[in-house]
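Novice: Take this structure, written in structure tokens, and hold onto it; I'll ask about it next.
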Amino acid sequence: MGKIITSTDIYKLKKAGIRELVLNEGDLLTDLCREILAREGMRVVRASAMDYAGGQPERAWRGTNDLHQEKAVTPAEPDRHSSGPAPSGNHKYHLVIANGTVMLPEFGAISANIGIRDGKVESIGTNSMEAETTVDAAGLLVLPGIIDPHAHMGLFAPLETDLYTETQSAILGGVTTIGCFFNQTGSYFPLLRRLESLVPQRSCVDLFPHFTIRDEEQLQEIDKYVREGITSFKMYMCGIPDLFPAQEDGFIVKVLETLKRLPERTLMCVHAENTSIVEYASTDDQLKSVNTLAEWAKTHPDLAEGEAVNRAIYFSNKLDFPIYVVHVSSRDGVEAIRNNSFRKGYIETTSPYLTIDQDDDIAVKGKMLPPLRDRASRDSLWEALKNGYIDTIGTDNTTMTLKEKQAANGMVNAIAGYPALGVHLVSVLDEAIKRGVPLEKVIPLMTMNPAKTFGVYPAKGTLLPGSDADLVLVDPNLSKKVDPSFLASRSDFALHEGKTLRCWPCCTVKAGRIAAWNGRLTENLSSGSVLRRQKSTNP
């Protein structure tokens with residue numbers, strides 16, 4: 001087989017001013033590429049049809065089979081999932097996902113069947129596959145299990161409670177792996193041992209921890225954390241009142257220098273806001289007039305994020321050490337990224353910043369840090385995503401009920417945070433389709449990229465043979481109105497509540513077992529595990 005041509009290849013040609021695509025023997029075009037070629041009026045020729053004596057190339061077919069357009073696809077029904085007789089030999093797979101449009105982050109969209117055995121993807125191809133259980137995915141998109149690199153648990157309820165309820169919400173939403181941030185004083189080893197005990201018992205998903213480094217004891221133990229497979233850490237340039245204090249630049253540099261001396265590849269995540277600017281914008285007098293999300297955003301101005309992103313990039317480049325800037329939210333943040341060469345860095349935004357802004361009618365439910373921004377910032381984030389400046393999409397999920405959020409106390413006194421795992425995937429896909437952004441651009445940022453960035457690829461983030469059989473089937477035409485009651489979170493509100501979103505997951509497979517089916521959890525919920533990342537390499 002030749003090369004699988006993806007939308008990235010088409011856009012490279014367009015950028016170079018080339019108006020035709022030459023296909024060599026065995027090259028494959030995804031359906032989405034055909035649509036883009038037709039839309040752009042670009043020609044397709046096959047190398048075998050070229051007249052090298054100077055004649056004209058043969059005009060190839062230019063179809064318009066667009067995965068985004070409405071098709072006569074019936075949402076998955078339970079009878080799509082059929083069980084056959086017990087396997088009689090090694091030729092049978094435990095599970096086959098048949099007839100789907102497989103979104104391989106490395107290549108794009110291909111029509112293929114996936115054979116799964118013992119919790120691993122064993123085969124992907126167009127050949128017929130015999131299985132103990134077969135799921136007919138005709139008309140559906142088949143994605144790697146979604147990886148949320150940025151979530152918080154155990155802040156407003158016991159950790160064991162959030163691990164149970166919020167990972168169920170994640171599974172329903174197609175999320176199978178979560179990067180979870182933890183922040184405390186003193187040694188993290190008791191927490192790590194607790195996670196090793198709790199996650200297999202309570203979590204439906206796999207989890208890789210990030211530890212915030214905020215004191216000297218943690219700094220002295222950092223090499224021991226790395227030897228335990230904890231290779232990602234976090235520091236706050238601007239703190240969260242009553243939760244997480246800010247670290248001074250000098251301490252941040254000291255930690256970066258300590259990590260750089262270690263032989264293993266490690267990564268520092270940074271909450272980038274200028275704490276001094278935020279303090280000046282959040283005086284008691286200014287807070288008196290804060291009643292809306294737009295007014296709340298002024299207490300953490302775009303300028304504060306833009307300056308801190310500049311500073312984080314400078315630290316990374318100067319110290320030659322990788323920094324991962326979390327939850328970029330503003331146009332100023334995007335401008336800082338565009339205006340700097342980030343040689344070893346990574347940029348994350350979140351699904352709420354891509355799909356909600358301060359003008360949405362959600363009031364205090366949308367209070368967050370950094371704040372939800374204006375429409376111009378949301379547009380800027382999508383432009384940055386399309387142009388390759390955004391590496392990953394997380395949620396910054398911070399589960400709480402309206403009572404725990406203290407929503408009744410008004411915008412100033414309410415607590416920042418919201419649940420987001422259950423609608424993470426569908427909200428981004430829905431928005432991408434509305435904006436005409438190819439899904440091939442979006443899917444890697446929610447699968448392969450976070451897996452590579454945090455050292456869990458190729459076990460996670462892909463569907464290539466040998467990877468963990470974590471995947472999600474999405475119906476591109478299934479539309480539903482968001483209701484917190486079916487999201488399985490312990491929270492009683494949702495940011496997209498009442499909105500109709502399109503592209504819902506209809507089946508989630510975790511470790512080769514069907515964990516969610518048509519919006520309901522199955523009885524076969526897989527036990528999660530704490531992922532260790534030993535001596536990971538640069539993506």
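Novice: Jot down the radius of gyration and Dmax of the range 124-177, Cα atoms only, both in angstrom.
Specialist: Both quantities, over Cα of the range 124-177: 16.3, 50 Å.
Novice: Okay, next question. Semi-axes of the equivalent ellipsoid for the range 252-360, please: Cα gyration tensor eigenvalues, times 5, square-rooted, ordered largest first, whole Å.
Specialist: After diagonalising the Cα gyration tensor, the semi-axes are 29, 16, 11 Å.
Novice: Then there's this: If you take every DSSP beta bridge whose two residues both sit in the chain, what share of them, in percent to the nearest 5, is antiparallel?
Specialist: Of those bridges, close to 45 percent are antiparallel.
Novice: Debye sum, Cα scatterers, the range 462-539, no solvent: what log₁₀ I/I(0) at q = 0.12, 0.23, 0.24 1/Å?
Specialist: Taken in order of the listed q values, log10 I(q)/I(0) reads -0.50, -1.14, -1.17.
Novice: Set the bar at 19 Å for Cα to Cα. Now go through K298/K365; K405/K481; K15/K441 and name every pair that lies beyond it.
Specialist: In this structure, K405/K481 exceed 19 Å between Cα atoms.
Novice: In debye, nearest 20: dipole of the range 475-539 around its Cα centre with unit charges on the Cβ of K, R (+) and D, E (-)?
Specialist: Here the range 475-539 has a charge dipole of around 360 debye.
Novice: While we're here: Classify the range 464-504: rounded, prolate or oblate, from the alpha-carbon gyration tensor (a ≥ b ≥ c, eigenvalue square roots; a/c under 1.5 rounded; otherwise prolate if a/b is larger than b/c)?
Specialist: It is oblate, given that a/c is not under 1.5 and a/b is not larger than b/c.
Novice: Which whole-percent values make up P(r) of the range 276-331 when all C-alpha to C-alpha distances are grouped in 10 Å steps starting at zero?
Specialist: Computed distribution, short to long bins: 21, 41, 25, 11, 1.
Novice: Could you state the number of Å between the C-alpha centres of the range 152-201 and the range 375-434?
Specialist: Here the two parts' Cα centres lie 20 Å apart.
Novice: Through the Karplus equation 6.51 cos²θ - 1.76 cosθ + 1.60, θ set to phi - 60°, convert the phi angles of the range 289-300 into ³J(HN,Hα) values in whole Hz; use x for Gly and Pro.
Specialist: Karplus values, whole Hz, x for Gly and Pro: 9, 8, 10, 10, 5, 5, 5, 5, 4, 5, 7, 10.
Novice: Might you tell me the accessible area per residue for the chain, computed with a 1.4 Å probe and given in Å²?
Specialist: Dividing the accessible area of the chain by its residue count gives 39 Å².
Novice: Sticking with this structure for a sec: Counting only residues 5 or more places away or on other chains, whose amide H sits under 5 Å from the amide H of S282 once H atoms are built in the peptide plane?
Specialist: Distant-sequence amide H within range of S282: zero hits.
Novice: Given axes a ≥ b ≥ c from the Cα gyration tensor, I'd like to know whether the range 171-299 is rounded (a/c under 1.5), prolate (a/b larger than b/c) or oblate.
Specialist: Oblate.
Novice: Longest exposed-loop-site-free stretch of the chain, with chymotrypsin sites (Phe, Trp or Tyr not before Pro), DSSP loop and at most 15 other Cβ within 10 Å?
Specialist: 62-539
Novice: Next question. Of K14/K434; K12/K344; K386/K499; K224/K510, which ones are farther than 27 Å apart at the Cα?
Specialist: Where the Cα-Cα span goes over 27 Å, the pairs concerned are K224/K510.
Novice: What number comes out for the charge environment of S282, summing +1 per Lys or Arg and -1 per Asp or Glu over other residues with Cβ under 12 Å away?
Specialist: Around S282, the charge tally is -3.
Novice: Oh, and also: At 222 nm, what value in deg cm²/dmol follows for the chain if DSSP H runs of at least 4 each add -39500 (n - 2.57) and the sum is divided by all its residues, to the nearest 500?
Specialist: After summing the helix terms and dividing by residue count, I get -8500 deg cm²/dmol.
Novice: Next up: How large is the dipole of the range 187-322 about the Cα centre if only Lys and Arg carry +1 and Asp and Glu carry -1, each at its Cβ, rounded to the nearest 20 debye?
Specialist: The calculated dipole for the range 187-322 is roughly 520 debye.
Novice: Considering only DSSP beta bridges with both partners in the range 152-265, what is the antiparallel share in %, to the nearest 5?
Specialist: 10 percent
Novice: So for the chain, what are the equivalent ellipsoid semi-axes in whole Å, largest first, each being the square root of 5 times an eigenvalue of the Cα gyration tensor?
Specialist: 37, 28, 24
The values are calculated or read from the model by the stated rules, or taken from the named source; none is laboratory data. Given the structure is predicted, the values throughout are model-derived calculations rather than measurements. Reconstructed Cβ throughout: ideal geometry from the backbone, glycine too, with neighbour counts over all protein chains shown. SASA here: full protein model, heavy atoms, side chains in, ligands and nucleic acids out. Shrake-Rupley method; radii C 1.70, N 1.55, O 1.52, S 1.80 Å.
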